[in-house]
């Protein structure tokens with residue numbers, strides 16, 4: 001009975017600790033200089049503590065220039081955080097064939113992204129993009145990587161926005177299309193271009209930047225879609241609208257990523273409380289001890 005009570009108390013303690021965790025969502029808006037230059041003046045990351053801050057253009061911790069330098073032959077086309085690393089997608093400025101057109105730079109954490117320290121998963125992919133399209137963003141929604149393509153020529157839905165879905169990072173590297181790939185009903189005004197795409201746990205956010213340099217709130221618009229079906233059908237949801245973000249004419253939006261962090265991190269088991277595997281070993285151990293005791297009693301009788 002004491003063992004059961006101890007186990008119940010431990011389970012309750014762990015449940016309360018888990019419930020006390022809060023998920024914080026940080027948005028990273030990546031900007032790239034329009035002119036080729038050297039680090040640290042080429043890539044800037046604007047950080048926003050939550051979606052309201054993103055809408056209000058209120059910069060938060062982590063904002064600043066990075067040590068990333070981009071080859072003049074490439075342009076940043078998307079940024080996402082997939083739970084294990086930041087993935088920055090680059091597209092060749094000139095139309096070419098795979099594997100020389102799309103490169104993915106991986107960074108194990110935000111500090112590595114700021115420092116420009118490449119990690120596992122970096123390299124060219126087998127993705128080839130039609131010369132009629134450009135990569136407009138990359139998002140990871142927990143089930144698949146979604147690469148958004150926008151027609152270079154202004155056109156009408158369903159021929160303007162295409163989503164290529166990849167079930168895993170390996171599929172993304174190998175250009176193996178998965179479920180959810182296809183044209184959408186989204187149509188973009190000729191005055192704007194899609195420049196960022198993310199899933200933040202509650203909605204897909206498509207960021208648009210005005211082609212003409214202007215002032216907030218007329219330069220950056222966010223279109224929100226509460227589900228992938230709504231994204232495909234172009235059904236706008238809560239959170240859609242212009243923002244207070246204003247971009248220097250020297251820079252262009254290059255990607256939008258969302259990092260969801262548990263704060264505080266999951267706690268370790270309370271002292272003296274074994275892991276589930278340890279419980280199994282303890283139970284087996286108690287059984288073995290009981291068997292030996294019974295044998296001793298029988299032998300003594």
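The values are calculated or read from the model by the stated rules, or taken from the named source; none is laboratory data. The structure presented is a predicted model; accordingly, all values stated were derived computationally and were not measured. Counting neighbours? That spans all protein chains shown, and the Cβs are built from the backbone with ideal geometry, glycine included.
Would you confirm, using the coordinates I've provided, whether residue 224 is within 17 Å of the chain's Cα centre (by Cα), within 23 Å of residue 50 (Cβ to Cβ), at pLDDT 95 or above and in a loop (DSSP other than H, G, I, E, B)?
Answer is no for this residue.
Results for (1) crowded, with 16+ Cβ neighbours inside 10 Å; (2) more than 15 Å from the chain's Cα centre (by Cα); (3) touching a residue at least 60 places away in the same chain (Cβ under 8 Å), shown as yes or no for each residue.
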| position | (1), (2), (3) |
| --- | --- |
| 48 | yes, no, no |
| 54 | yes, yes, yes |
| 57 | yes, yes, yes |
| 62 | yes, yes, no |
| 69 | no, yes, no |
| 73 | no, yes, no |
| 76 | yes, yes, yes |
| 80 | yes, no, yes |
| 90 | yes, yes, no |
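Is it the case that the range 206-219 has a residue that's surrounded by 15 or more Cβ atoms within 10 Å (Cβ to Cβ), under 20 Å from residue 81 (Cβ atoms) and in the same structural domain as residue 250 (by TED's automatic domain parsing)?
Within the range 206-219, one or more residues are surrounded by 15 or more Cβ atoms within 10 Å (Cβ to Cβ), under 20 Å from residue 81 (Cβ atoms) and in the same structural domain as residue 250 (by TED's automatic domain parsing).
Mind listing whichever residues of the range 65-102 are in a strand (DSSP E or B) and touching a helix residue (DSSP H, G or I) at 6+ places or on another chain (Cβ under 7 Å)?
Result: 86, single match.
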